[in-house]
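This report concerns only the one structure given below.
The values are calculated or read from the model by the stated rules, or taken from the named source; none is laboratory data. All values derive from a computational prediction rather than experimental measurement. Note that we place each Cβ from the backbone using ideal geometry, even for glycine, and neighbour counts take in every protein chain shown. Areas reflect the complete protein model, heavy atoms only, side chains present, ligands, DNA and RNA absent. Shrake-Rupley method; radii C 1.70, N 1.55, O 1.52, S 1.80 Å.
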Amino acid sequence: MLFGSTQHRQQGMGGELMSCLRVAIADDHAVVRAGFKRLLELEPNIRVVAEFANCETTYTWFNANHADILVLDLSMPGRGGLETLRRLKARIPMLKILIFSMHDTPAMVSQAMQAGADGYLTKSSPPGALIAAVQEIGAGGHPLSEEAVRALGEAGRDEHAPHQLLSSREFQVFTLLAQGLAVDDIAKRLYVSAKTVANYQTAIRQKTGLGNALEMFRYARAHALVE
């Protein structure tokens with residue numbers, strides 16, 4: 001069953017049975033994935049069952065396979081980490097997703113948690129923090145790095161800003177527009193039609209009152225939404 005418990009049992013050193021967490025890793029850097037895998041599999045109750053380099057492969061794998069926890073980077077080719085998080089949570093609510101990302105801006109952390117992330121860790125965290133976060137999520141917790149806690153606090157002070165009205169998909173398109181990408185380029189990156197992106201653009205303008213890419217860029221920089 002896709003939505004049932006997927007934890008396997010294995011023999012501990014003392015002969016006792018222990019739960020084995022099945023973990024999948026999605027990050028577009030092969031060296032990073034390899035490092036994560038080696039680190040996690042040092043733990044006797046963690047097994048890395050899959051690795052992904054892009055969002056589409058990640059989503060497709062979960063159509064036919066299962067894991068207990070997905071460690072997900074936000075900066076991924078394809079639809080992007082935020083959209084993949086949203087899609088997977090909508091389809092498999094029981095899947096636990098830990099965001100492990102270089103992004104620590106209030107908007108990105110807030111968007112990820114609103115989209116259903118079970119925890120958020122920044123890549124500036126010490127190596128042991130990843131193991132601890134996976135173990136905590138496996139036990140039903142919601143780990144947050146210090147940077148993520150600080151970002152959420154700052155996001156709370158910005159809760160009435162116009163960009164907070166955007167859906168996760170609109171926010172993704174907004175940040176790409178703010179970075180100067182054309183509608184056609186965004187459509188290719190997100191695997192949608194240019195018309196769909198144009199519709200998002202219209203909704204973004206209506207919700208934020210920002211009329212063009214330059215205004216979006218200035219707003220995004222002022223609110224630390226883009227690097």
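Tabulated values for the structure
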{"read-out": "Condition met for Val32 (farther than 19 Å from Ala151 by Cα and touching a Leu at 6+ places or on another chain (Cβ under 8 Å))", "value": "no"}
{"read-out": "Leu152 touching a helix residue (DSSP H, G or I) at 6+ places or on another chain (Cβ under 7 Å), in a helix (DSSP H, G or I) and open to solvent by 40 Å² or more (accessible area, probe 1.4 Å)", "value": "yes"}
{"read-out": "Test result for Gly180, part of a loop (DSSP other than H, G, I, E, B), surrounded by fewer than 17 Cβ atoms within 10 Å (Cβ to Cβ) and in contact with a helix residue (DSSP H, G or I) (Cβ under 7 Å, 6 or more places away or on another chain)", "value": "yes"}
{"read-out": "Identity of the residue in segment 92-115, more than 29 Å from Arg221 (Cβ to Cβ) and touching a residue at least 60 places away in the same chain (Cβ under 8 Å), that ends up surrounded by the fewest Cβ atoms within 10 Å (Cβ to Cβ)", "value": "Pro93"}
{"read-out": "Filter pass, Thr208 being within 19 Å of Leu72 (Cβ to Cβ), of a type in the set (Val, Ile, Thr) and modelled with pLDDT under 95", "value": "no"}
{"read-out": "Selected residue (only one of Ala194, Ala139, Ala182 is within 16 Å of Arg79 (Cβ to Cβ) and without any contact (Cβ under 8 Å) to a residue 12 or more places away in the chain)", "value": "Ala194"}
{"read-out": "Candidate set from segment 58-91 (those that are of a type in the set (A, V, I, L, M), outside any loop (DSSP other than H, G, I, E, B) and open to solvent by less than 50 Å² (accessible area, probe 1.4 Å)); member that is farthest from Arg169 (Cα to Cα)", "value": "Ile69"}
